[in-house]
Structure formats: structure tokens, C-alpha cells
Amino acid sequence: MNHIKIEEISKSFGETEVLQNITFDIKDGEFVVLLGPSGSGKSTLFQLIGGLLQPDSGRILLNDQDITGTKGNISYMPQSPSLLPWRTIMENVLLGQEIKGKKDTQVAKDMLDKAGLEEFKTSYPSQLSGGMKQRAAFIRALLSPQPFICLDEPFSALDELTRYEMQSWLLSIWEENKQSVLFVTHNIEEAIFLADRIIILSERPATVQKEFDIPFKRPKKKKKWILSDEFLFWKRKIYKELEGEEVI
Ligand SMILES: Nc1ncnc2c1ncn2[C@@H]1O[C@H](COP(=O)(O)OP(=O)(O)OP(=O)(O)O)[C@@H](O)[C@H]1O
Ligand SMILES: [Mg+2]
């Protein structure tokens, strides 16, 4: 059982008030997507959950235990992939497991193969493109043993086709393991495709503007329902919430 609770979190940087009283939770095995304007504080919120920053007020609870400001409780993929330049790709993706004292090289190898990185296992990050680095960082987050994963725009550097493949791949892995996920994206379709629930943040200072339960049955098959009335209904609704205007 994993349950994470964000309780009335506020954070400012000097004069800039970034997060204001943010409260929401993520239940065991739930896939929650965070949508919000650029600069609203999404990455800041992730850094708070990961214990890299301290909030000015509020608490973060993991299974009712206060983890505010402590590291190592969640698996976190930052917005810019921070691979260690002196380690090969294989050594990088196994980092989270290594810290916890358990290594599963075969699973790592399979995941790298699936992500099109089979030829780069022994390469160093500087030899990879931006999108490849992002995929490797993403695999590292998935392989980390913590049951709760925070992904900050993991597919933003990928082209449309690779993005679709990675989304489907992520869902197939997630449907097997059902880890709790908090995922940031700017892309409305991606949010609807992946989420059980979408949380919309307002402009800075960010508050929780709205939550939507996305009631599609899993497994979701994007190609089939992306043009369905139901999908378009949700797309319009969320677009309106974000942009404050109707779309035809
Ligand atoms: N360490 C810091 N020191 C000072 N200001 C910061 C710091 N980190 C973030 N900020 C400010 O906090 C605000 C929110 O930044 P954040 O990176 O959380 O936004 P975001 O929602 O992730 O944006 P994007 O969608 O563009 O990634 C910005 O105004 C940013 O300048
Ligand atoms: Mg960000």
C-alpha cells in the first residue's frame, strides 16, 4: 500500500510566491498527471516531494509518515536528464537499484532494448542525443526500487512517433507493476492518454485549480479512441480549463 499526500504546501523564492497551499493525494497504484502553465511551479513541487527543497509550510506524507525534506523515498526523473557522465548508460540506469543494494541487469537490458538503446549500453551520456538521454533517464527512474515515481516531462524531447511508442511502453510496464506515478506534461492528449486523474495547476502562484477523473477503461488503446467523441469531449473540457476559452 502506497499513499502519498501533499498537504497545504507553500513555497516562495525570495519575493516570488511559487506554490500556494497545494493539497492533493496519490493513491496506491494511481497514475496522476499534473498539467499547468510554464513557470507555475511543477518542477518546484517535484523537488519538494523528492526532498531536494524544503517547503515554507505544509507537509508531505508517504503512508502517513512525514517525509518532508527527506531524500530517497521516491524515484524521481528531473526535467533535464541528469545522467552521470562518467558512467555508461547501463551503469546509469542501474544506479537507483545499486544504491538500494539490488541489481537486475537482465530487466535493465530488456528495457534498453525496447527503448531503442540496445547499441548504446556501453556508451557514455555524451555520446547520446538529447532524446536518447531522456529515455535512459526515464528507464533509470522506472528501475529504481521505490514504489512511487515522479516523472517531470519525460517525453518532451521526443518526436511524435517515439513519444507515442514510449507512452504505450510506459503504460504496458505500469499496468504490470502498478506503481503510483505523478507525471508532469504540457500535452493535453498525453495527459488524457496516461492519467487516471488530471490535476490542473493555475498560473503562479500555483493553486490546484481543478481535478478531473478520467474514466477510460484500461488498457487504453490510443489509435482507436483518440478520435472518439469521448476523447474529444475531454480534450475540449481540459483545454477550456487551461486556456479559459471554448474550442470547437
Ligand atoms: N532555485 C530557484 N531559485 C529561484 N527561483 C526559482 C528556483 N527554482 C524555480 N524558481 C522559480 O519558480 C518558478 C517556477 O519554476 P518551475 O521550474 O517549478 O516551473 P514549471 O512549472 O516546472 O515550468 P516548466 O513547465 O517551464 O518546466 C519560476 O518563476 C522559477 O523562476
Ligand atoms: Mg518544469
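Would you confirm whether or not the stretch 91-101 contains a residue that is at pLDDT 90 or above, assigned to a loop (DSSP other than H, G, I, E, B) and of a type in the set (D, E, K, R)?
No, the stretch 91-101 contains no residue that is at pLDDT 90 or above, assigned to a loop (DSSP other than H, G, I, E, B) and of a type in the set (D, E, K, R).
Exactly one of (1) in contact with a Phe, Trp or Tyr (Cβ under 9 Å, 6 or more places away or on another chain); (2) among the hydrophobic types (A, V, I, L, M, F, W, C); (3) within 16 Å of ligand 2 (Cβ to nearest atom) is unmet by V18. Its number?
Failing condition for V18: (1).
Taking the condition in contact with a Pro (Cβ under 9 Å, 6 or more places away or on another chain) and outside any helix (DSSP H, G or I), does A141 pass? Walk me through it before giving the result.
Numbers: in contact with a Pro (Cβ under 9 Å, 6 or more places away or on another chain): yes; outside any helix (DSSP H, G or I): no.
Here the answer is no, as A141 does not meet what is asked.
What single numbered condition from (1) assigned to a helix (DSSP H, G or I); (2) open to solvent by less than 50 Å² (accessible area, probe 1.4 Å); (3) under 23 Å from K71 (Cα atoms) fails to hold for G131?
Unmet for G131, out of (1) assigned to a helix (DSSP H, G or I); (2) open to solvent by less than 50 Å² (accessible area, probe 1.4 Å); (3) under 23 Å from K71 (Cα atoms): (3).
For the stretch 37-45, check the following and say yes or no: at least one residue is of a type outside the set (K, R), more than 13 Å from ligand 2 (Cβ to nearest atom), open to solvent by less than 50 Å² (accessible area, probe 1.4 Å) and under 30 Å from G244 (Cα atoms). Talk me through it step by step, then tell me what you get.
Applying the first criterion (of a type outside the set (K, R)) to the stretch 37-45 yields 37-41, 43-45.
Next cut, more than 13 Å from ligand 2 (Cβ to nearest atom) only: none.
Among the residues of the stretch 37-45, not one is of a type outside the set (K, R), more than 13 Å from ligand 2 (Cβ to nearest atom), open to solvent by less than 50 Å² (accessible area, probe 1.4 Å) and under 30 Å from G244 (Cα atoms), which makes the answer no.
Is there a residue being touching a Lys or Arg at 6+ places or on another chain (Cβ under 7 Å), at pLDDT 90 or above, of a type outside the set (F, W, Y) and within 30 Å of K102 (Cβ to Cβ) anywhere in the stretch 183-197?
yes
Report, by residue number, each residue of the stretch 188-247 that is in contact (Cβ under 8 Å) with a residue 24 or more places away in the chain, in a strand (DSSP E or B) and among the acidic types (D, E).
The answer is E211, and nothing else.
Tally up the residues in the stretch 172-188 that are closer than 23 Å to F233 by Cα and either crowded, with 19+ Cβ neighbours inside 10 Å or touching a helix residue (DSSP H, G or I) at 6+ places or on another chain (Cβ under 7 Å) (or both), please.
From the stretch 172-188, those closer than 23 Å to F233 by Cα are 183-188; that's our starting set.
Keeping just the survivors that are either crowded, with 19+ Cβ neighbours inside 10 Å or touching a helix residue (DSSP H, G or I) at 6+ places or on another chain (Cβ under 7 Å) (or both) gives 183-185, 188.
The qualifying residues number 4.
Hand me the list of strands (runs of 3 or more DSSP E) wholly inside the stretch 7-83 holding 2 or more residues that are over 23 Å from L95 (Cα atoms).
Per the criteria, 16-26, 31-35, 57-62.
Just the residues that are within 22 Å of the chain's Cα centre (by Cα) and open to solvent by 80 Å² or more (accessible area, probe 1.4 Å), please, taken from the stretch 92-108.
Selection gives I99, K100.
Can you confirm whether F46 is among the aromatic types (F, W, Y) and either more than 16 Å from ligand 1 (Cβ to nearest atom) or more than 21 Å from the chain's Cα centre (by Cα) (or both)?
Working: among the aromatic types (F, W, Y): yes; either more than 16 Å from ligand 1 (Cβ to nearest atom) or more than 21 Å from the chain's Cα centre (by Cα) (or both): no.
So F46 does not fit the description; no.
Can you give me the number of residues within the stretch 75-91 that are open to solvent by less than 20 Å² (accessible area, probe 1.4 Å) and of a type in the set (S, T, Y)?
Total meeting the criteria: 2.
The values are calculated or read from the model by the stated rules, or taken from the named source; none is laboratory data. Remember, it's a predicted structure, so these values are computed and weren't measured experimentally. With ideal geometry, Cβ positions are generated from the backbone for all residues, glycine too; neighbour counts draw on all protein chains shown. These accessible areas exclude ligands, DNA and RNA; they are computed on the full protein's heavy atoms, side chains included. Shrake-Rupley method; radii C 1.70, N 1.55, O 1.52, S 1.80 Å.
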